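Please read the structure below before turning to the comments.
The values are calculated or read from the model by the stated rules, or taken from the named source; none is laboratory data. On a predicted model such as this, the values are computed, not experimentally measured, just so you know. Counting neighbours? That spans all protein chains shown, and the Cβs are built from the backbone with ideal geometry, glycine included. For the accessible areas, the whole protein counts, side chains as well, though only heavy atoms, and no ligand, DNA or RNA atoms are used. Shrake-Rupley method; radii C 1.70, N 1.55, O 1.52, S 1.80 Å.
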Amino acid sequence: MSTNNNNKMCSSKSSKATSISSSWFYFIAILPLPLLLILYSQLLRSTIAPPPSDHGTGSMFDIIATRYDFINRALALNLDMGWRHRLVAEVVGSNGELFTKSNEDVKLLDLATGTADVAILLGKAAAKYSSSSATTINSAVLGLDPSQNMLNVGKTKVQESDLTNIVTLELGDARKLNALQDNTIDAATMSFGIRNVPEKEQALCEINRVLKKGKVDKGWPQLAIMEFSEPGEDSGVMGSMARAFIRHVIPSMGALLSGAPREYMHLQKSIQEFPSPPEFVKLIEGVKCPIKSTEDDGEVQFFGRFRVKEVVNLNFGSVQIYLATPYLNKYVTE
């Protein structure tokens, strides 16, 4: 009996020792990985011409469309869908108030929709809450993107989600929303797209033009923009790690997984060059979008503007959601 117990004890100690040894082996094996990724990112910068600032167009995303979702999940460590859920919750309300408290049809716009992740989440919220409205309403989500290949992937996902009666995807540019009439959209979203727009003020004015204005503030934002930024030098240890991840891991891993190194160099470059959160808030609130009279003289009577209600910080300060509401300022001459 004693011999059996001793054998069991020896076996248990041996298993623990093996487990500890395996853990140390894996730790030592992956230890050089961050250094290798940093070296690879430096190699990319030294051998590949940097993309121009306006590289983030539809044609760029056409190249990486079929692997975009997979690479997104890998680079974001599968956190990105959680960020998108938070974005949608901020817009529609925690209990779907955007739909349940509406007495008329709700129209939503998702710009830079890509493969339609946010458009689909908005569509699911619309399907869930529209029937709970005090009156019967019809909800519609329009997703616009300049990349046809990204939209093709998105359309397949919309069909698989059984949302074709709610979500529509079309080619479109945030700077030219010519197909949309003034004051017709209840809420607009844009995730990880505004940094790829060179004329950000022009895009914001187009969004302001199509959003409904002049109503009583219902308590939730009508514009939600989600974007990356590099955490500042004072962001602490985790912020510094997030900054290193953006500068080195994203271009390296993106290049390896996609086979399109220039496109993921642009991703890192566009994040690095994007305004800091306080600067971007200043940009959003600083736009003055002239609204001309509908009368014959066509003179400017009002300016469309935004008021930023809140900035939600996620992922150690590397992701922000900017929540804003449009309003009108009367044009006053001296």
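Here are some notes:
- Phi angles of the range 160-177 translate, via the Karplus equation with coefficients 6.51, -1.76, 1.60 and θ = phi - 60°, into HN-Hα couplings of 5, 8, 6, 10, 5, 7, 10, 9, 10, 10, 9, 5, x, 10, 4, 7, 9, 8 Hz per residue; Gly and Pro are given as x.
- Under the Karplus curve 6.51 cos²θ - 1.76 cosθ + 1.60, θ = phi - 60°, whole-Hz ³J(HN,Hα) for the range 259-272, x wherever Gly or Pro sits: x, 10, x, 5, 5, 7, 5, 4, 4, 5, 5, 5, 5, 4
- GluC sites (Glu not before Pro) within the range 160-213, DSSP loop, no more than 14 other Cβ atoms inside 10 Å: Glu199
- Once the chain from Leu77 to Thr57 is taken as fully extended at 0.36 nm per residue, the excess over their C-alpha distance is 4.7 nm.
- Lys213 exposes around 40 Å² of accessible area when a 1.4 Å probe is run over every protein chain in place.
- Label-to-label distance for Asn138 and Val312 is 3.0 nm, based on points extended 7 Å past Cα in the beta-carbon direction.
- Where GluC sites (Glu not before Pro) fall in DSSP loop in the range 76-112, at most 15 other Cβ within 10 Å: Glu104
- Stretchable slack from Lys330 to Glu299, in nm (0.36 nm times residue separation minus alpha-carbon distance): 9.9 nm
- ³J(HN,Hα) computed for each position of the range 180-188 - Karplus, 6.51 cos²θ - 1.76 cosθ + 1.60, integer Hz, glycine/proline x: 9, 7, 4, 6, 10, 9, 6, 7, 10
- Amide hydrogen neighbours beyond the local backbone of Leu169, cut-off 5 Å, H modeled: Gly143
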